[in-house]
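The values are calculated or read from the model by the stated rules, or taken from the named source; none is laboratory data. Remember, predicted model here, so these are calculated numbers, not experimental data. For neighbour counting, all protein chains shown are included, and Cβ atoms are generated from backbone atoms with ideal geometry for every residue, glycine included. For accessibility, only protein heavy atoms count, side chains too; no ligands or nucleic acids. Shrake-Rupley method; radii C 1.70, N 1.55, O 1.52, S 1.80 Å.
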Amino acid sequence: MNVFKFGGASVSSTERIQQVGHILKSYQGEELLIVISAMGKTTNALEKVAEAFYAGKREEALQLFNAIKQNHLTLAKFLLVTTYNDALEQLINFFTEVEWLLHDKPVQEFDYYYDQVVCIGELLSTVIVSAYLNEIGFSNHWIDVRDVIRTDDNFRDANIDWQFTGERVENLVAPLLKEYKAIVTQGFIGSTDENESTTLGREGSDYTAAVFANLLNAAGLFIWKDVEGVMSADPKEFSDARLLHELNYDEVIEMAYYGAQVIHPKTIKPLQNKGIPLYVKCFLDKDLAGTVIHNKTLKGLPPIVVLKQNQVLIQLHSKDFSFVGEKPVADLYQLLADTKIKPNLMQTGAVTIQVCLDNHAEKIEKLALAASDFFEVQVEKGLTLLTIRHYNEAILQKMIAGHSIELMQQTPQTVQVIMKKS
């Protein structure tokens, strides 16, 4: 059996959902577990709903959510005929799940509400896609992944309980696969032992698919995207980006660690542990070769460029000019853990520590306030983090031209630069 994962871009319109159906019909009769993301920009739209709700703007939150509802209902009406009524009933149940919450007042941390709202995107998309597939004769069974993937309550970046989840896959999912051949479910989400929805981090659908591939001992994981395969840079930003036909697990982990959006950072380990190959394929043309990711040694890779925008550089300076030694660094790592922030780059000097982070305003504020007990704190926003793997001097100079450099780290293999427009 194989695991297929379709991202938001591949289910963002009636035509693209029809293309997903076209791809899947060519695998008719094979055992497939199909993981599907929220449609298009639905996750971004749901984030705005959660933000408005948490800011006390109930009516705005409800209006924003209503727009999401109407989009999904319109899509369902275009796509579905015989399966429409059953799908509508499911959709209404999920709409109600969010609307009940939006009529309350927030009493918990933002991340909790984020997960309860944002998780609905995947549930809505899979209901519609599953119904459409059944309608065109690709028989499948829909399941709520929250009944399978158990997590802790680290909202927005939850950790999977592998033992419980493994038992659910063995006792629930595997028998359903034997019975129905094809299962449609959600990526990105899970639930706690108290049935509270959780998310696994942005782009976590890839990770969900890898978890299922591992626990079902899949022959392969196929991730279907709107690009030819894994590229040497984001083709939307770099017209000369090259297709990488082959990569190994280590290289992809490095790319993901530095912020490449093509594969979620956690995705590779469950595959590597069981030697399961990952195929990145183009859903616009299923016959293109794409990229295969495996455990072989590779040489001669071209420069691989990753850009992360909207970065923050926090500069921490020792208050009394004492050396920044083991204790202050340990304190900082504890603060990062407490505020659930993952640094993208750190550099330690004699009396300073510099930390580059994604700009999550609420978390940055908490971190800066807590760090001010130990350090003088300066925060600089609006920066870009450039990472180039397998770099050469020519591409480095081309990429940093017209920018002022705030910080640079270099190894023979990788260069990282924090910079801003001059």
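Worth a mention:
- Gain in span if fully extended, Asn93 to Thr14, counting 0.36 nm per residue against the direct Cα distance: 26.2 nm
- For the chain, a crude dipole built from +1 on the beta carbon of Lys and Arg and -1 on the beta carbon of Asp and Glu, taken about the Cα centre, is about 1100 debye to the nearest 20.
- Using the 1.4 Å probe convention, the accessible area of the chain works out to 46 Å² per residue with neighbouring protein chains retained.
- Surface accessible to a 1.4 Å probe, Asp193 within the full protein complex, Å²: 110 Å²
- Across the range 171-321, the fraction of Cα-Cα pairs farther apart than 29 Å, rounded to a whole number, is 27%.
- The range 24-133 gives an Rg/Rh value of 1.03, both radii derived from C-alpha positions and Rh following Kirkwood.
- Only DSSP H runs of four or more residues enter the estimate; each adds -39500 (n - 2.57), and after division by the residues of the chain the mean residue ellipticity at 222 nm equals -12000 deg cm²/dmol.
- To put it simply, the accessible area of the range 369-421 at a 1.4 Å probe is 53 percent carbon and sulfur.
- Translational diffusion coefficient (Stokes-Einstein; Kirkwood radius from C-alpha pairs) of the range 352-422 at 10 °C, 1.306 mPa s, in µm²/s: 115 µm²/s
- Distance histogram in 5 Å bins (all Cα pairs of the range 187-268, percent per bin): 3, 13, 20, 23, 19, 10, 6, 3, 1, 0
- Positive end of the dipole of the range 1-123 (Cβ unit charges, origin at the Cα centre): among Leu102, Ile17, Leu62, the Cα lying farthest that way belongs to Ile17.
- Contact order normalised by residue count of the range 262-337, Cα under 8 Å, 6+ apart, percent: 17 percent
- Members of Lys236/Lys420; Lys274/Lys342; Lys57/Lys77; Lys48/Lys363; Lys269/Lys381 lying beyond 22 Å, as alpha-carbon distances in this model show: Lys274/Lys342; Lys57/Lys77; Lys269/Lys381
- Accessible area per residue was computed with a 1.4 Å probe on protein heavy atoms; Trp142 scores about 50 Å².
- Peptides 195-205, 252-262, 30-40 ordered by average Cβ neighbours within 10 Å, highest first: 30-40, 195-205, 252-262
- Ordered by solvent-accessible area of protein heavy atoms (1.4 Å probe), largest first, the residues Arg168, Arg146 come out as Arg168, Arg146.
- Net dipole in debye of the range 251-399 [+1 Lys, Arg Cβ; -1 Asp, Glu Cβ; about Cα centre; nearest 20]: 700 debye
- The listed residues Phe6, Phe323, Phe374 rank as Phe323, Phe374, Phe6 when sorted by accessible area, largest first, using a 1.4 Å probe.
- In degrees, nearest ten, helix 58-79 long axis to first principal axis of the chain (Cα): 50 degrees
- Counting only DSSP beta bridges whose two residues both lie in the chain, roughly 65 percent are antiparallel.
- Relative contact order [Cα under 8 Å, 6+ residues apart], the chain, whole percent: 13 percent
- Residues Asp331, Asp287, Asp338, sorted by accessible area with the largest first, give Asp287, Asp338, Asp331 [1.4 Å probe; ligands and nucleic acids excluded].
- Computed about the Cα centre, the dipole magnitude for the range 71-188 is approximately 460 debye when only Lys and Arg (+1) and Asp and Glu (-1) carry charge, each at its Cβ.
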